[in-house]
Amino acid sequence: MKTYSIKAGEIDRQWHVIDASDKTLGRLASEVAVILMGKDKPTFSNHINVGDYVVVINAAKIKVTGNKDKQKMYYSHSNYPGGLRTVSYSDMLKKNPEKIITSAVKGMIPRNRLGRQIMSRLKVYAGDEHPHQAQIGKSDKGE
């Protein structure tokens with residue numbers, strides 16, 4: 001008996017809409033990462049991009065536990081001396097709530113070419129409006 005390996009033309013991608021209202025950040029991010037990678041499918045293969053599209057709405061209503069709303073920091077560096085920039089979770093939630101969910105999911109995705117392809121299928125919106133109404137409920141055969 002031979003082992004089945006899915007081919008690129010056989011991949012059937014679905015669109016998932018996830019409402020982030022009053023959900024915990026880490027639990028939501030792990031759920032989204034599993035769908036993006038395709039680990040919830042019986043045809044999962046770690047060397048082929050078999051995951052689905054995910055649209056996360058209401059990113060501005062995400063919750064964190066404990067004192068993370070005051071203590072959690074986001075870091076970026078310009079690669080110049082003294083170029084470290086820090087932004088607190090509460091400031092990030094006011095200014096750019098989409099980036100909170102994107103960075104949490106990005107930390108759970110492989111750091112290679114396949115991971116960059118996977119992240120391109122994540123769409124995050126602060127409110128409940130999104131421009132992907134036509135795709136919802138459809139599948140995308142092959143890519």
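Each value in this text was obtained by applying a stated rule to the coordinates, not by laboratory testing. It should be emphasised that the depicted structure is a prediction, and the values quoted were computed from it without experimental measurement. Heads up, the Cβs are rebuilt from the backbone with ideal geometry, glycines too, and the neighbour counts pull from every protein chain shown.
What angle, in degrees between 0 and 90 and rounded to the nearest 10, separates the Cα long axis of helix 25-37 from the longest principal axis of the Cα atoms of the chain? Helix 25-37 sits at roughly 30 degrees to that axis. Kindly express, to the nearest 10 degrees and within the range 0 to 90, the angle between helix 97-106's C-alpha long axis and the longest C-alpha principal axis of the chain. Computed tilt is about 50 degrees. Using Cβ point charges alone (K and R +1, D and E -1), the dipole size of the chain about the Cα centre works out to roughly 480 debye. Only DSSP H runs of four or more residues enter the estimate; each adds -39500 (n - 2.57), and after division by the residues of the chain the mean residue ellipticity at 222 nm equals -8000 deg cm²/dmol.
Taking only alpha carbon atoms, the chain gives an Rg to Rh ratio of 1.03, where Rh is the Kirkwood radius. The label point for Ser21 and the one for Asp40, both projected 7 Å from the Cα toward the Cβ, are 2.0 nm apart. When the C-alpha to C-alpha distance is required to be over 20 Å, the pairs from Lys23/Lys94; Lys95/Lys123; Lys41/Lys61; Lys39/Lys99; Lys70/Lys99 that qualify are Lys41/Lys61; Lys39/Lys99.
Here the contact order of the stretch 34-143, divided by its residue count and restricted to Cα pairs under 8 Å and six or more residues apart, works out to 33 percent. If R0 equals 35 Å, the separation of the Cβ atoms of Arg113 and Ser88 corresponds to a calculated FRET efficiency of about 0.60.
In the chain, excluding the sites themselves, the longest stretch lacking any of the trypsin sites (Lys or Arg not before Pro) that are in a DSSP loop with at most 13 other Cβ atoms within 10 Å is 40-110. With neighbour counts taken as other beta-carbon atoms within 10 Å, the residues Tyr74, Tyr80 rank, fewest first, as Tyr80, Tyr74.
Radius of gyration over Kirkwood radius for the stretch 78-138, both on Cα atoms: the Rg/Rh ratio is 1.06. Using a Gaussian network model of the chain in which every pair of alpha carbons under 10 angstrom is joined by a spring, one finds that among Val34, Val56, Val87 the greatest mean-square fluctuation is at Val87.
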